[in-house]
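One structure below.
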Amino acid sequence: MTIGLGHFLALGAVLFTIGLYGVLVKRNAIVILMSIELMFNAVNVTLVAFSRFVTPKLLTGQVFSIFVITVAAAEAAVGLAIIISVYRHRETADAQQFNLLKW
Amino acid sequence: MSDPVLAVIFYLLAAVTVLPALGVILTRNIIYASIFLVISFSGVAGIFVILNADFLAAVQVLVYAGAIAVLIIFAIMMTHNTMRANLGNQQAWPALVITGALLVVFLAVLLQTSWPTSVLAPLETTTGELGKLLLNEFVLPFEVVSVLLVAAMIGAIVISRED
């Protein structure tokens, strides 16, 4: 069976949906960040698949993926620093306890 | 991509990517979830190799499986008192319905669109071409991203300081 663009796009869609479910449902803030990283990976797979099948000689999708990886790394670092800082003050990493802005 | 061996390899790598991703959200132990995440990242690196993105596969292993996963494990270690359990909140069923519907919409749109695919062969080694692109066409995002990295580094250090 020929593996075409649709296979990789389906893989990206499934990964993205799994990450989205994790973001919506999980209570631990670090697991929410892990699910966001899953969504980033899904986007990268989709970008590189498009780059390889639609314009195989141009590498625009791969350059975009490099930037996505870089921004994801920066965001993971700052996000985890925030979670650690909040944990120091409130002794919990439960996202349901981060409710100071709730009315 | 019409090799049956390639099909087997693709499904194997897809399983190595998707099943640990399910494990991240379904397992009850948060340490297991982080290990599953590392396996999923490595599976995505394998997918990049099939897609002839060799440099990107190496970057994926270095940055994601190497740095971000270690960062997450350290953060789990530093927030160790509570929430060893990987619990879900009360919105599990509505979220399942909504994300299931979203997945159906995604698959319907992605698999039914006739994408303008090209039959040209991809580049064999992408590293040189990526280097040229990053310094000629994409030099502005490249420089902006380096400023972003410095800002993120300083921000992470300042935010997580004990004072």
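Residue A:95 falls short on exactly one of the conditions (1) modelled with pLDDT of 90 or more; (2) farther than 21 Å from residue B:157 by Cβ, and that condition is (1). Mind checking whether some residue in segment A:46-64 is open to solvent by less than 10 Å² (accessible area, probe 1.4 Å), under 14 Å from the mean Cα position of the chain (by Cα), of a type in the set (A, V, I, L, M) and more than 23 Å from residue B:89 (Cβ to Cβ)? Checking segment A:46-64: not a single residue is open to solvent by less than 10 Å² (accessible area, probe 1.4 Å), under 14 Å from the mean Cα position of the chain (by Cα), of a type in the set (A, V, I, L, M) and more than 23 Å from residue B:89 (Cβ to Cβ). The listed residues are B:34, B:42, and the only one of them that is free of Cβ contacts under 8 Å to residues at least 40 places away in the same chain, surrounded by 15 or more Cβ atoms within 10 Å (Cβ to Cβ) and of a type in the set (S, T, N, Q) turns out to be B:42. Which residue is farthest from residue B:59 (Cα to Cα), if the candidates are limited to segment B:124-141 and must be more than 8 Å from chain A (Cβ to nearest Cβ) and open to solvent by less than 80 Å² (accessible area, probe 1.4 Å)? Ranking the qualifying residues of segment B:124-141, first place goes to B:139. Only a single criterion out of (1) within 24 Å of residue B:117 (Cβ to Cβ); (2) surrounded by 22 or more Cβ atoms within 10 Å (Cβ to Cβ) is not satisfied by residue A:34, namely (1). Within segment A:15-23, the presence of a residue that is hydrophobic (A, V, I, L, M, F, W, C), open to solvent by less than 40 Å² (accessible area, probe 1.4 Å) and more than 7 Å from every other protein chain (Cβ to nearest Cβ) is excluded.
Keeping to segment A:76-103, report how many residues are more than 7 Å from every other protein chain (Cβ to nearest Cβ) and either crowded, with 16+ Cβ neighbours inside 10 Å or of a type in the set (S, T, N, Q) (or both).
So in segment A:76-103, the residues more than 7 Å from every other protein chain (Cβ to nearest Cβ) come out as A:79, A:86, A:88-90, A:95, A:97-103.
Now narrow it down to the ones that are either crowded, with 16+ Cβ neighbours inside 10 Å or of a type in the set (S, T, N, Q) (or both): A:79, A:86, A:95, A:97, A:99.
The number of residues fulfilling the criteria is 5.
Pairs under 7 Å by beta carbon, first residue under 13 Å from residue A:18 (Cβ atoms) and facing another protein chain (nearest Cβ under 9 Å) in segment B:1-28, partner in a helix (DSSP H, G or I) and open to solvent by 20 Å² or more (accessible area, probe 1.4 Å), six or more apart or different chains? As it stands, the answer is B:18/A:14; B:24/B:36; B:25/A:21, since those pairs meet every condition given.
For residue A:28, the requirement of being closer than 18 Å to residue B:13 by Cβ and not aliphatic (A, V, I, L, M) is not met. Just one of the numbered conditions (1) more than 7 Å from chain B (Cβ to nearest Cβ); (2) open to solvent by less than 40 Å² (accessible area, probe 1.4 Å) is not true of residue A:6: (1).
Condition first: facing chain B (nearest Cβ under 7 Å), within 20 Å of residue B:10 (Cα to Cα) and either touching an Asp or Glu at 6+ places or on another chain (Cβ under 6 Å) or in a helix (DSSP H, G or I) (or both). Now tell me which residues in segment A:49-64 satisfy that. Can you show your working first?
Residues of segment A:49-64 facing chain B (nearest Cβ under 7 Å): A:49, A:52-57, A:59, A:62-63.
Subset that is within 20 Å of residue B:10 (Cα to Cα): A:49, A:52-54, A:56, A:62.
Within segment A:49-64, A:49, A:52, A:53, A:62 qualify.
Taking the criterion of being under 21 Å from residue B:61 (Cα atoms), more than 8 Å from the chain's Cα centre (by Cα) and not β-branched (Val, Ile, Thr), the only residue of segment A:19-45 that qualifies is A:44. Condition test on residue B:79, is it in contact with a helix residue (DSSP H, G or I) (Cβ under 9 Å, 6 or more places away or on another chain), farther than 24 Å from residue B:24 by Cα and either aromatic (Phe, Trp, Tyr) or at pLDDT below 90 (or both)? Considered against the rule, which asks whether it is in contact with a helix residue (DSSP H, G or I) (Cβ under 9 Å, 6 or more places away or on another chain), farther than 24 Å from residue B:24 by Cα and either aromatic (Phe, Trp, Tyr) or at pLDDT below 90 (or both), residue B:79 comes out as no.
The values are calculated or read from the model by the stated rules, or taken from the named source; none is laboratory data. Here the structure is a predicted model, which means the values were calculated and not measured. Methodologically, a virtual Cβ is constructed for each residue, glycine included, from the backbone with ideal geometry; neighbour enumeration extends over all protein chains shown. Heads up: the accessible areas ignore ligands, DNA and RNA and are worked out on the full protein's heavy atoms, side chains in. Shrake-Rupley method; radii C 1.70, N 1.55, O 1.52, S 1.80 Å.
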